[in-house]
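Undergrad: Dropping the structure in here first, questions after.
The values are calculated or read from the model by the stated rules, or taken from the named source; none is laboratory data. Computed from a predicted model, the values in this text were never measured in an experiment. Here the Cβ positions follow ideal geometry from the backbone for every residue, glycine too, while neighbour counts run over all protein chains shown.
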Amino acid sequence: MTTMVHNKIDEDVTVGVAADLLGLTVRTLHHWDDIGLASPSRRTPAGYRLYTWDDLDRLGRVVAYREAGLTLDAIRDVLDDATADIRATLREQRAQLAERIRDLQQLDERLERMTVAHERGILMSDDEQREVFGEAWDPQQSRSARTIWGGSPQWAQFAERSASRSPAQWRELSEAMSALQRDLADAVSRGVDPGSQEADGLAGRHRELFSNFFPLTRQMQVCLARMFEADPGFAAYYNGIGDGLATWFRRSVDESARHHDIDPDTATWE
């Protein structure tokens with residue numbers, strides 16, 4: 001930097017020329033002068049700044065260290081403190097940079113997981129999903145869900161939670177859902193009445209577990225239970241768990257909603 005400057009000048013230069021030579025702005029040079037970091041040694045009779053070769057040498061070093069990421073205070077210490085260990089300062093700067101790089105890499109990984117989660121839903125391979133959810137699980141289900149729900153706030157919430165969920169956490173959630181389904185099937189087989197305390201408890205467990213995917217209000221649960229009953233695919237799945245479970249579950253959710261002053265007949269997805 002300074003060799004190039006020396007080859008271009010043979011006399012003191014104004015602040016404008018110095019700024020052009022160093023690729024800086026006049027405003028920057030004024031600021032560095034004001035804070036005493038790099039000041040011109042001379043002035044014209046009219047008071048205008050004039051930079052000598054030595055001044056340009058210092059400015060060139062300031063630029064070099066600033067481009068290396070040092071703060072202006074650190075640069076001042078390097079240039080003005082005869083006892084300052086420049087190598088130690090640069091090593092510290094490299095250590096800080098390495099930490100920033102690690103942080104940025106972690107941020108990039110989180111962004112990548114979030115992006116893929118919005119695209120795929122569950123961040124596990126098909127084989128991993130079958131291992132966690134059982135051989136009967138169809139990995140196509142989550143991809144199909146994106147087709148239906150992909151533009152909804154609930155899908156966004158599902159993706160955000162999925163991005164930070166590990167296979168072990170998915171397994172724990174899957175086991176909890178399986179336990180609930182066994183209890184639902186048992187309640188149906190025993191003739192538990194919708195609206196009873198036991199049925200209300202099962203509806204509450206379902207809402208709590210389902211809220212691991214996205215927040216599920218009681219009104220939304222009513223709509224979900226009605227979809228489980230009306231949709232042939234969902235109805236077949238739930239009735240496969242327990243004979244008549246799809247209708248029993250819808251009635252139980254309706255009664256639970258009424259117990260919380262919600263009219264299931266007017267419930268909306270909110």
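Undergrad: How do the pairs read when you match residues in the range 122-148 that are without any contact (Cβ under 8 Å) to a residue 12 or more places away in the chain with residues anywhere that are in a helix (DSSP H, G or I), using Cβ under 6 Å and keeping only pairs 6 or more apart or on different chains?
TA: TRP137/GLN129; TRP137/ARG130
Undergrad: Name the single residue, out of those in the range 33-54 being crowded, with 20+ Cβ neighbours inside 10 Å and not hydroxyl-bearing (Ser, Thr, Tyr), that is farthest from VAL13 (Cα to Cα).
TA: ALA38
Undergrad: Related question: Filter the range 224-245 down to residues that are touching a residue at least 40 places away in the same chain (Cβ under 8 Å) and surrounded by fewer than 18 Cβ atoms within 10 Å (Cβ to Cβ) and give me whichever is nearest to the chain's Cα centre (by Cα).
TA: ILE241
Undergrad: How many residues does the range 58-78 hold that are part of a loop (DSSP other than H, G, I, E, B), without any contact (Cβ under 8 Å) to a residue 24 or more places away in the chain and not β-branched (Val, Ile, Thr)?
TA: Qualifying residue count, the range 58-78: 1.
Undergrad: Which one is farthest from the chain's Cα centre (by Cα), of the residues in the range 55-92 that are among the hydrophobic types (A, V, I, L, M, F, W, C) and exposed (fewer than 11 other Cβ atoms within 10 Å of the Cβ)?
TA: Result: ALA82.
Undergrad: Taking only the range 40-57 into account, find how many residues are assigned to a loop (DSSP other than H, G, I, E, B) and in contact with a helix residue (DSSP H, G or I) (Cβ under 9 Å, 6 or more places away or on another chain).
TA: 3
Undergrad: Sticking with this one: Say we look at the range 95-149 and pick out the residues that are at pLDDT below 90 and of a type in the set (Gly, Ala, Ser); which of these is nearest to the chain's Cα centre (by Cα)?
TA: For the range 95-149, the residue satisfying everything is ALA117.
Undergrad: On to the next question. Residues that are in a helix (DSSP H, G or I), more than 30 Å from ALA64 (Cα to Cα), touching a residue at least 24 places away in the same chain (Cβ under 8 Å) and in contact with a His (Cβ under 6 Å, 6 or more places away or on another chain): does the range 151-169 have at least one?
TA: Yes, the range 151-169 contains at least one residue that is in a helix (DSSP H, G or I), more than 30 Å from ALA64 (Cα to Cα), touching a residue at least 24 places away in the same chain (Cβ under 8 Å) and in contact with a His (Cβ under 6 Å, 6 or more places away or on another chain).
Undergrad: Which residue pairs have Cβ atoms under 8 Å apart, sit 6 or more places apart or on different chains, and have a first residue in the range 249-270 that is closer than 24 Å to ALA185 by Cα and a second that is of a type in the set (Val, Ile, Thr) and not in a loop (DSSP other than H, G, I, E, B)?
TA: Hits for this filter: VAL253/VAL222; ASP254/VAL222; ALA257/VAL222; PRO264/VAL222; PRO264/VAL253.
Undergrad: For the list (1) outside the structural domain of VAL253 (by TED's automatic domain parsing); (2) surrounded by 14 or more Cβ atoms within 10 Å (Cβ to Cβ); (3) assigned to a helix (DSSP H, G or I), I need the number of the one condition that ILE101 fails.
TA: (2)
Undergrad: Then there is this: Report, by residue number, each residue of the range 127-141 that is loosely packed, with under 13 Cβ neighbours inside 10 Å and among the charged types (D, E, K, R).
TA: Across the range 127-141, the qualifying residues are ASP127, GLU135, ASP138.
Undergrad: Now for a separate question. Consider GLU135 against the criteria (1) part of a helix (DSSP H, G or I); (2) closer than 30 Å to GLU175 by Cβ: it satisfies all of them except one. Which criterion is unmet?
TA: The single condition GLU135 does not satisfy is (1).
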